Amino acid sequence: MLRLLILTGLILSSYASKTPIIGVLSQETSRSRNDIGEFQHSYIAASYVKFLESAGARVIPVCLDSRDVQYDPIFRSINTVLFPGGAAYFKERGGYGEAARKLYNLAKAVNEKGTYYPIIGVCLGHEVLPYADKGDDIRTDCELKNVAVPLKLAADYEKSKMFSKAPDEIISILKTKNVTYNFHQCCLTEKTFRRHKLLPEWKITSTDEDINGIEFISSMENTRYPFYGTQFHPEKNLFEFKAGIGIPHSVEAVKISQYFANFFVEECRKNANRFPDHDLEKRTLIYNYQPIYTGINGSVYEQKYVFAKSDSEKSEL
C-alpha cells in the first residue's frame, strides 16, 4: 500500500509539473468600461487565459478582495501568478496593486528559500512589478496606444533568460517586424530605475519609444528571481480580433506570441506546487466560469471572465 501511495504521489507530481496551474490576478472594474454589469466586482480578460492554455497550462482566477485577505493558501497550490494588463490604481485598499504586492512578496520569500517560483507581468502587470517590490509607483506618463512595433533588444539580450534560447527566426522577427502590440499611457524608464536603485537587480532586455520619443522599458527580467515583464501584449496577437484595433495577426506576429507563451509556461513547469486534492483543484479552475462577449460594447477586450465579490472567497481555498 505504501509503495502504491508513493507511486501515485510521483505520478501526480509529474503530471502537475507538465501541466502547471497559473493564477491570473483579476482587477477591479471601476476604471474599465462599463461593459460587464454594475454588480460585477472584478474581471480577467479571456485572452490571458487562452494565451497560457495555448502553451499547455491551466488557469485559476485570483480574485480581489477588499478585506486584508491572505493569498498564501492559493499561492502554495499554483505554479506561478500572472499580473495582467488593464487599468487600475496601485494604492487602492483591496485592489490590484495591493494584491500584486502580497503575491510578489510571497514569491520573493519562497525563491529566497530555494523554491523556483516565477511571476509574469504584462503591460499594467509589467508596470506594477517595481511597485510590488518597493511600494513606490514609479511610472512615467508615456503613450503608445494601438501600435505594434519591433523591439530594440538590449546589447546583451543573449545573456537573458527571456531571449537566450530564442531561435534566430524569433529574434529576427522581433528586431525587424511590427509584432509587439502596445496599448498604454504609462511606462517604466531606465532613468527612473536608476534613480530608484532598481538596476542591476532588474535587467532591461529591450526598449522602445512612445509617440513623443520617450524611451521606455519594453521587456525586463529580475536577475535574482524568475520575474518577467513585458510592456507589450503577447496575448493579443493570438486571441484579440476586435475591428479597428491594430493588433497584428500575421504569421510572424503569431510566432512571437507563441514563443512568449511557451517560454513563460516552461518557466512555470520548474515549480512543483500542486493542489492538496484533485477535487479542490477541479472546483477552483477557470473552467467553472464562463467568459462573456464584451467586444460589442466597446471594450478593448472581446471576452472577459467576470467575478462577483463573493467569488473572492472561492479563490482563498
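Miscellaneous remarks
- Evaluation of GLU169 against the conditions (1) in contact with a Pro (Cβ under 7 Å, 6 or more places away or on another chain); (2) within 27 Å of PHE241 (Cβ to Cβ); (3) not in a strand (DSSP E or B) shows that the sole unmet condition is (1).
Residue-wise test of (1) in contact with a Gly (Cβ under 7 Å, 6 or more places away or on another chain); (2) part of a loop (DSSP other than H, G, I, E, B); (3) within 25 Å of ASN178 (Cβ to Cβ); (4) not hydroxyl-bearing (Ser, Thr, Tyr).
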| position | (1), (2), (3), (4) |
| --- | --- |
| ASN111 | no, no, no, yes |
| TYR116 | no, yes, no, no |
| ILE120 | no, no, yes, yes |
| TYR131 | yes, no, no, no |
| ASP136 | no, yes, no, yes |
| VAL147 | yes, no, yes, yes |
| GLU158 | no, no, yes, yes |
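- Test: ALA87 is among the hydrophobic types (A, V, I, L, M, F, W, C) and modelled with pLDDT of 95 or more: no
- With respect to the stated conditions, ARG101 is surrounded by fewer than 19 Cβ atoms within 10 Å (Cβ to Cβ) and within 28 Å of TYR301 (Cβ to Cβ).
- Residue in the stretch 188-199 that is under 30 Å from LYS108 (Cβ atoms), within 17 Å of the chain's Cα centre (by Cα) and either of a type outside the set (A, V, I, L, M, F, W, C) or surrounded by fewer than 19 Cβ atoms within 10 Å (Cβ to Cβ) (or both) present: no
- Flag if ALA261 is touching a Leu at 6+ places or on another chain (Cβ under 8 Å) and of a type in the set (A, V, I, L, M, F, W, C): yes
- Hits in the stretch 57-109 (condition: in contact with a Gly (Cβ under 9 Å, 6 or more places away or on another chain), over 13 Å from LEU25 (Cα atoms) and either of a type in the set (A, V, I, L, M, F, W, C) or not in a loop (DSSP other than H, G, I, E, B) (or both)): VAL69, PHE90
- The stretch 219-228, subset over 26 Å from VAL251 (Cβ atoms) and touching a strand residue (DSSP E or B) at 6+ places or on another chain (Cβ under 8 Å), residue surrounded by the fewest Cβ atoms within 10 Å (Cβ to Cβ): THR223
- Test: residue in the stretch 200-209 that is in contact with a Leu (Cβ under 8 Å, 6 or more places away or on another chain), polar (S, T, N, Q) and surrounded by 22 or more Cβ atoms within 10 Å (Cβ to Cβ): yes
- Filter pass, GLY135 being closer than 17 Å to GLY86 by Cβ and not hydrophobic (A, V, I, L, M, F, W, C): no
- Single unsatisfied condition, ALA109 versus (1) in contact (Cβ under 8 Å) with a residue 24 or more places away in the chain; (2) surrounded by fewer than 24 Cβ atoms within 10 Å (Cβ to Cβ): (1)
The values are calculated or read from the model by the stated rules, or taken from the named source; none is laboratory data. Since this is a predicted model, take the numbers as computed values, not measurements. In this analysis, Cβ positions are derived from the backbone assuming ideal geometry, glycine residues included, and neighbour counts consider all displayed protein chains.
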